[in-house]
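Engineer: There's a structure below that I have some questions on.
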Amino acid sequence: MSWYLTLPLVIPFVASIIAYLLRSSPLGAWVSIIGSGLGLIASIALMVVVLDAGVIAGQMGNWPAPFGITLVADLLSAVMVLITAITGFAVAIYALGDITERQAKLGYHALFQILLAGVTGAFLTGDLFNLYVWFEVMLIASFGLLILNGGKEQIDGGVKYVALNLISTILFLTGIGLLYGMTGTLNFADLALKVEEVENQGLLTVVAMMFMVAFGVKAAVFPLFFWLPAAYHTPSFAVSAVFAGLLTKVGVYALIRMFTMVFDHDIGFTHTVLLWVACFTMVIGVLGAAAQSDFRKILSFHIISQIGYMILGLALMTPLALVGAVFYLVHHIIVKANLFLIAGIAKRLTGGTEVYQIGGLYKSAPFLAILFLIPAFSLAGFPPLSGFWAKYIIVKATLDLEMWFVAFIALAVGLMTIYSMTKIWAEAFWKPHPEGIEPELKTLPNKAAQLIPVAGLAVLTIIIGLNPEPFVVFAERTTAQLLDPSPYIAAVLGETP
Amino acid sequence: MSLFFIVALPFFGALLPGLMNAAGRSATAGVTFTVTLAAFIGLLTNLPAILAGDVVMARVDWMPALGLNFTLMLDSLGFFFALLILGIGLLIIAYARQYLSSKDHMGEFFTYLLLFQGAMVGIVLSDNILLLLIFWELTSLSSFLLIGYWKHLPEGRQGARMALTVTGMGGLAMIGGMLILGQIVGSYDLSVILQNRELIQADPLYVPALILILLGCFTKSAQFPFHFWLPHAMAAPTPVSAYLHSATMVKAGIFLMARMWPVLSGTPEWFVIVTSAGLITMVLGAVIALFKHDLKALLAFSTVSHLGLITMLLGTGTAFGAMAAVFHILNHATFKAALFMSAGIIDHEAHTRDIRRLGGLRTLMPITFMIVSLAALSMAGIPLLNGFLSKEMMLEEANHTVLFNSPWLVPVLATFGSLFSAAYCFRLIGHVFFGPVRDDYPAKPHDPGAGLWLPPALLIIPVVVIGVAPFVAEPFVKLVTASVLGSAAEMPSAHLKIWHGLVPALYMSIIAVVGGLVMLAIFTPALRIWENTPRPEAKVIFETIVEAAAKLAQALILPLHNGAFSRYAAVGTITIVVAGYYAWTTGTIGAPTHALQPADPVLISGWGMLVAATIGMVFLHRNRFLSLILIGIVGLMVSIGFVFLSAPDLAMTQFTVEVVTIILMLLALNFLPNRTPIESSVLRRVRDVGVAAAGGLASFALAYHYMLRDPVASSISEFHLANSYKGGGGTNVVNVILVDFRGFDTFGEIIVLSIAALLIYALTETLLGGPVGAKLLNRRPDQPRAGDMHPMMMVVLTRGMMPVVMMVGFYIFLSGHNEPGGGFIAGLIVSIGMVMQYMASGFSWASARLKYPYHGVIGAGVLVAGFTGIGSWFVDKPFLTSDFTYVRIPPFEKFELATAALFDVGVFLSVVGAVMLSLESFSRLARRADAPQVLHPMDIDPSREDLKEGV
């Protein structure tokens, strides 16, 4: 069993070392692609096993839980690992056409693989401190990717990114210390059991808030989102795509994990806070996007807004709402990473990302236009694309609870999203280029490498959109596991104590 | 033909024109026509069933989990609309083939058109309201693409975005409305919903559901106050306008109101909202239409007006009103499509649509003249044409409608609207076709080929036939009306006929027509008054709202997001303090379980030093060198704290880490100014002090309370203590935890450390390759360099110490498993030894004696650690499972060999490599002798002051 759990982690590590050794050769990029491909196979294998078994756990170092470190994959972890691998594979291919020789020489591909490993580790670990370690791995790797061969702007963005994330890290670490002090354990499953015995519920809630803020920074929720728009528009596009798709989602994942399994002692308080956070996040993100005119900045603010929907699903805590949150997570990663990849191609073709200063893509690169249309309108929630279902489920969940105002916000934010997406569409694609440039796809240095991943992710969006049933059923199974962690606990701790 | 095929055909067919574009224009149009024709014929095959009063159903499960199934239903109402959509669609396709110029990409156009057509057919055939919603949104999307088809026109782009924003808003509202409706009924199937009138209307959620659904309908059907998008959508090519705005898109809202009529209508809310919206729209649209000079704008507003008329009829909630509405939908679709296409013909031939530049076309374009005249007169409500009949019925219905307790309000406004309606129709004929022939048309107008005029001419046939012999249409209209009414009302007994006797409606009609003629006569002065009347422009209001929203967003976001790090940190700190405090007040907090320990004077003095150093740091932080020393003191005190708390491993680690970091920071300091400039105002500093103090005090309070309470269960560390020797083979629990119990964490952390070193390396590489490199080359140290770069004493001392340090490191490494120490500390110690060589003897000397590149050392470390972990797979154990055994090699004592030690070797190597690589990178900045490879084009730093003076 532990093979399935460790392979998705070990593969990127090995790939990163080899890629680093070959960093001066063009083979480095291929190592990254092959590594990501193998990682994808390993994640599919993991998914197959988990679909069958429900939850699998592996004890690292063969120490019984909760004394050592446990890797656990339930359906949520497995799907997150899988989607990470898919995104990673797509971006690794895209990097062939996007990453400069100099970036590769400084270790881009190795850092990228480490980032994937960090993200995967965060999804797979069943141990709070180990989660912290993976956060560190992600942070250092993402910082590296941000500043690799960067200029002043990149370093400025990168330093802010790191500094703000360090605040979150310190809080996280303090929270771990305090929680350990109360329960004497670090293992999620064990925590879930021990937390029930804690009498000082007030103190527990304070710790819960520390985790909420710490993960909230990672997830870029209101009012802690500042680092994201400060940094995401600066690095190379392959990097920002993988950031946009994956990094914030680790925060969301951690919130879902902790606030369904461990901190469910005072839902009336914690989840009400989350509800407010969710609403403000949705609104502020979409307003921020409306205020921008840079392709990537618009997209960056939309990440924030969309995170709000996922948090909303968690905050409502009904089965349907959690189904929505899970569905949203998966949909969003695919769509958002893809939009950033497309932004990269658009920049190469038109020479910029400021939408009022570029244009003409529809006419000269119609294929790219179609490829943009799919994720963009999926993000805006148009049927029959994946985003429609995601939004639909969340809205239905709010209406089932008769939370009219929340439903109104969710829908109104959807409208603003349409507004932003059509802004990009009308300016960058429809409008003729102000300088008369007619950018054609064949001018791309490595056309196939950049278009294949974009097309692949777009197809995935359509597949989810046209045939959402299995995905919803999957999300329902996932939610059942989240709401009743006893199989998870049994799998980790062995026989239920 | 199965309903699925009818819906699916346009969607699948949409691929063809896009792919066939290269095959030529006629082929592209032909394939589109064929696809539509097939769907049309498929629809007709269901005619017998419809005429028999049956409802054709088809069902496939799509998403049972969400209550959404692909359920289609064809009754006479759906059939009627589908017939309009596909029938007029055929004419539009034929017309568009001729209309589009060779510059327009035809495949693209027809692809969008078919997508749109499929979505429309989907709406009218849906049985499941969620499915209907999906098709509804698809029409918004495909019409967006159609309206913006001429994307080089800014108006086209704006019009498309506005249409999508407005209809998208309605669509989102409808999602809410439909979900509520489904919740009330417990089913999303129309066939079920339509049977539950009482249940729905009695539900407290009826009104919100109604309002939300009506929002969807009104936005789509351009009802006041959402009417403004439609005229701007006229930037689209004429075939699009003709299709979307006569028979299809704008009728979707009407369709839905008709569809929902049995369950939603008949309540006061429905009556007031729908009737008044319709009435206002009808009048407003008619008045504005009269004063528009653009032919298509005139037609657009007239469409708005007629949609209002139909809405009003549906709003009254009577069976007669519903029948009149159905009849007018049919009539309006015929004459309006004909008029739009004719407007396109005029534009196509005369190269202008401005009425003021036209006139006298009667003789130049006789065929077009005939078509327009008949259609416009029908629209004006002239007898013997179909428009007259339904308008009469509308006036009749208006006469019986009491709105806001006023029996005259509706009739008067309806007559007023009809008057303007007649007036713009007369103007359309009079100002375009009559009057003198001009010689300044932008192009010489003449009748086009049959390809263009035949489609509208075909539409004139029903206009005249129904107008003369209304009984032809009656069975069909009644059949459709029966579907609209459902079980909610009885079929009205009235018949469709030309002469009803001297009823009030006739007088109202006469007033309207005569008034219309008078209006045309006094058009010039009326226009002047109109132009001088200030009036709110809906488009301006819309744009103002959008802009205000964007401004608001900017005002909210930009100041918050101004890049100042201290602000972000303050927000973060405040958030956690407030959230924590709030949480604190919510729950119970039990009494402490044990008392505070008495404080030792030694402890207090240590604590005092720690606090003093920290506070001193705050005051002295502008002097970078001094702050570094203070940081050193803080670190030292923390190490001593660890010693006091009996954690020698931690103390050793902390201490060595302190040494290494301080050395590295000193190296970095070399390149920074001595002092930090003052960046923030006094006020901001006061704020920051407050925030920081709040954060600090909060942490203190929290720690204080936690320390007085015991954990709920014995902690896992007791297991570690018990099993350290037994299971891990070491007596130093800390080390066993690091390399065994939680070796997986350590594995992650050495990767972090390694990456950090590689980053420092990458950053310096980047810096040296960029403009900073040039700056460094030209840098003049701010302090004179020592004459003796490598002091003899230090060189001798450090070289002598090197073997000792190595031995100590080796010892600490080996003893680590049982005594304080381990790979991490050993790595740091060895690094310190090597750093000393660099410091004393210089970089070149030291690096010349180094055989292994640090990158490789790091990589080897990670690999060793990683493969130790993987190794356990070969004995079928989880990652990082350790094993140990005891061996005795004489003459040594019995000692232990553990795989964990191998893992520790990995840790050791990565630590050494990481520290040394960072150091090497820093020192590269300082080396001037072998100048780094500079990628920056300039080797001179132009900002150097003395060079400037030299010039």
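Engineer: Round to a whole number: what % of the accessible area of segment B:354-452 belongs to carbon and sulfur, probe 1.4 Å? Walk me through the numbers on the way to the answer.
Structural biologist: Numbers: 2510 of 3690 Å².
Using a 1.4 Å probe with all protein chains present, segment B:354-452 comes out at 68 percent carbon and sulfur.
Engineer: Using amide H atoms built in the peptide plane, which far-off residues or other-chain residues are under 5 Å from residue B:623 H to H?
Structural biologist: B:676
Engineer: Using the basic label-point model (7 angstrom from Cα toward the beta carbon), what is the residue B:524 to residue A:462 distance in nanometres?
Structural biologist: Label at residue B:524, label at residue A:462, 6.0 nm between them.
Engineer: Just report the Cα centroid separation between segment B:663-706 and segment B:716-752, whole Å.
Structural biologist: 35 Å
Engineer: Do the alpha carbons of any pairs in A:442/B:551; A:442/B:151; A:336/B:877; B:251/B:539; B:336/B:551; A:347/B:296 sit beyond 31 Å of each other, and which pairs? Show your work: numbers first, answer last.
Structural biologist: Working: A:442/B:551 39 Å; A:442/B:151 23 Å; A:336/B:877 39 Å; B:251/B:539 22 Å; B:336/B:551 40 Å; A:347/B:296 38 Å.
Pairs exceeding the cut-off: A:442/B:551; A:336/B:877; B:336/B:551; A:347/B:296.
Engineer: I'd like to verify something in chain A: which complete DSSP H helices, judged by Cα projection on the helix axis, reach 27 Å or more and average at least -0.5 on the Kyte-Doolittle scale? Let's see the in-between values first.
Structural biologist: Values: long enough: A:2-21 (28 Å, 1.73); A:27-53 (38 Å, 2.02); A:75-98 (34 Å, 1.97); A:128-147 (29 Å, 1.91); A:152-183 (45 Å, 0.82); A:267-290 (33 Å, 1.88); A:295-316 (32 Å, 1.28); A:319-350 (45 Å, 1.43); A:404-424 (30 Å, 1.70); A:447-466 (28 Å, 1.91).
Qualifying helices: A:2-21, A:27-53, A:75-98, A:128-147, A:152-183, A:267-290, A:295-316, A:319-350, A:404-424, A:447-466.
Engineer: Once you have all Cα-Cα distances for the protein assembly as shown, histogram them in 10 Å bins from zero and send the whole-percent values.
Structural biologist: Whole-percent P(r) values from 0 Å outward: 1, 8, 15, 18, 17, 13, 10, 8, 6, 3, 1, 0, 0, 0.
Engineer: Treat every Asp and Glu Cβ in the protein assembly as shown as -1 and every Lys and Arg Cβ as +1, leave all other atoms uncharged, and give the resulting dipole magnitude about the Cα centre to the nearest 20 debye.
Structural biologist: Working: 75 positive and 80 negative charges, 716 e Å.
Using Cβ point charges on Lys, Arg, Asp and Glu, the protein assembly as shown gives about 3440 debye.
Engineer: Hey, another quick one. Along Cα→Cβ, 7 Å out, is where each label goes; now give me the distance between the ones at residue B:874 and residue A:276 in nm to one decimal.
Structural biologist: Going by the 7 Å Cα→Cβ label model, 5.8 nm.
Engineer: Considering every residue in B:737-750, what mean count of other chain Cβ atoms within 10 Å of its Cβ is obtained?
Structural biologist: Numbers: counts 2, 0, 1, 4, 6, 11, 5, 16, 11, 1, 8, 15, 4, 0.
Whole-number average of other-chain Cβ neighbours for B:737-750 is 6.
Engineer: Collect residues whose amide H, placed 1.01 Å from N in the peptide plane, falls under 5 Å from the amide H of residue A:125; neighbours closer than 5 in sequence don't count.
Structural biologist: Sorted by chain and number, the residues that satisfy this are A:72.
Engineer: Loop sites only, by DSSP: take the GluC sites (Glu not before Pro) in chain A that have at most 16 other C-beta atoms within 10 Å and name the longest stretch containing none of them. Can you show the working numbers first?
Structural biologist: Details: sites that count: A:196, A:197, A:199, A:402, A:435, A:440, A:495.
Counting only loop sites that pass the neighbour cut-off, the longest clear stretch is A:200-401.
Engineer: Moving to a separate point now. Mind checking the dipole of segment A:267-466: about its Cα centre, +1 per Lys or Arg Cβ, -1 per Asp or Glu Cβ, Debye to the nearest 20?
Structural biologist: I would put it at about 320 debye.
Engineer: Express in Å², to the nearest 10, the accessible area of residue B:104 obtained by rolling a 1.4 Å probe over the protein heavy atoms while all chains stay in place.
Structural biologist: Only protein atoms counted, so the area is about 30 Å².
Engineer: How far is helix B:601-620 tilted off the main Cα axis of chain B, in degrees rounded to 10, range 0 to 90?
Structural biologist: 60 degrees
Engineer: Between residue B:595 and residue A:101, take the C-beta separation as r, use R0 = 60 Å, and let me know the FRET efficiency to the nearest 0.05. Walk me through the intermediate numbers first.
Structural biologist: Working: r = 66 Å, r/R0 = 1.10.
Result of the calculation: an efficiency of 0.35.
Engineer: For segment A:322-346 and segment B:389-431, compute the distance between their C-alpha centroids and round to whole Å.
Structural biologist: 52 Å
Engineer: Partner chain Cβ atoms within 10 Å, averaged over the residues of A:451-458 - can you pull that number for me? Present the calculation step by step, with values, prior to reporting the outcome.
Structural biologist: Numbers: counts 0, 0, 0, 0, 0, 0, 0, 0.
If you average over the peptide's residues, the count of other-chain Cβ atoms is 0.
Engineer: Sorted by accessible area with a 1.4 angstrom probe, largest first, how do A:209, B:801 fall? Write down the numbers at each step before the final one.
Structural biologist: On the way: A:209 5, B:801 80 Å².
The residues order as B:801, A:209, largest area first.
Engineer: Which residues make up the longest stretch of chain B that has no chymotrypsin sites (Phe, Trp or Tyr not before Pro) in a DSSP loop with at most 11 other Cβ atoms within 10 Å?
Structural biologist: Details: sites that count: B:404, B:408, B:499, B:892.
Formally, the longest exposed-site-free interval is B:1-403.
Engineer: Let me ask something additional. For chain B, what is the Kirkwood hydrodynamic radius in Å, using each pair of distinct C-alpha atoms?
Structural biologist: Numbers: mean 1/r = 0.0280 Å⁻¹.
Across chain B, the inverse of the average 1/r is 35.7 Å.
Engineer: Further, regarding this structure: In Å², what does the accessible area per residue of the protein assembly as shown work out to with a 1.4 Å probe? Present the calculation step by step, with values, prior to reporting the outcome.
Structural biologist: Details: 52290 Å² over 1448 residues.
Heavy-atom SASA per residue in the protein assembly as shown reads 36 Å².
Engineer: Shielding by partners for B:132-139, please: the mean number of other protein chain Cβ atoms within 10 Å of each residue's Cβ. Walk me through the numbers on the way to the answer.
Structural biologist: Details: counts 0, 3, 5, 2, 1, 8, 3, 0.
Counting other chains' Cβ atoms within 10 Å and averaging over B:132-139 gives 3.
Engineer: Let me ask something else. Please name the residues of segment B:865-884 whose accessible area, counted over protein heavy atoms with a 1.4 angstrom probe, falls by no less than 50 Å² between the chain alone and the full protein assembly.
Structural biologist: Checking the loss per residue gives B:873, B:878, B:879.
Engineer: Ok, one more. Quick one: check the C-alpha center-to-center distance for segment A:422-491 versus segment A:90-169, whole angstrom.
Structural biologist: Distance between centres, Cα-based: 21 Å.
Engineer: Let me ask something else about it. Relative to the longest principal axis of chain B, what angle (0 to 90°, nearest 10) does the C-alpha long axis of helix B:854-874 take?
Structural biologist: 80 degrees
Engineer: Could you derive backbone 3J(HN,Hα) for segment B:637-644 from the dihedral phi with the Karplus parameters 6.51, -1.76 and 1.60 (θ = phi - 60°), listing whole Hz in sequence and x where the residue is Gly or Pro?
Structural biologist: Residue by residue, segment B:637-644 yields 4, 5, 4, 4, x, 5, 4, 4 Hz.
Engineer: Moving to a separate point now. Helix B:474-485 versus the longest principal axis of chain B: what is the Cα-based angle in degrees, 0 to 90, to the nearest 10?
Structural biologist: 40 degrees
Engineer: Further question: To the nearest 20 debye, what is the magnitude of the charge dipole of chain B about its Cα centre, counting +1 on the Cβ of each Lys and Arg and -1 on the Cβ of each Asp and Glu? Can you show the working numbers first?
Structural biologist: Details: 53 positive and 54 negative charges, 406 e Å.
Computed charge dipole of chain B: roughly 1940 debye.
Engineer: Through the Karplus equation 6.51 cos²θ - 1.76 cosθ + 1.60, θ set to phi - 60°, convert the phi angles of segment A:56-68 into ³J(HN,Hα) values in whole Hz; use x for Gly and Pro.
Structural biologist: These are the phi-based 3J(HN,Hα) values: 10, 9, x, 9, 5, x, 6, 8, x, 5, x, 7, x Hz.
Engineer: Within chain B, which is the longest segment containing none of the trypsin sites (Lys or Arg not before Pro) that sit in a DSSP loop and have at most 10 other Cβ atoms within 10 Å? Spell out each step's value before the answer.
Structural biologist: Numbers: sites that count: B:103, B:785, B:849, B:851, B:888, B:894.
The longest uninterrupted stretch comes out as B:104-784.
Engineer: Let me ask another. Buried accessible area for the B:A pair, summed, 1.4 Å probe, in Å² rounded to 100?
Structural biologist: 10200 Å²
The values are calculated or read from the model by the stated rules, or taken from the named source; none is laboratory data. Nothing here was measured: the structure is a model prediction, and the numbers come from that model. Cβ atoms come from the backbone with ideal geometry, glycine included; neighbour counts cover every protein chain shown. What goes into the accessible areas is simple: the full protein's heavy atoms, side chains included, and nothing from ligands, DNA or RNA. Shrake-Rupley method; radii C 1.70, N 1.55, O 1.52, S 1.80 Å.
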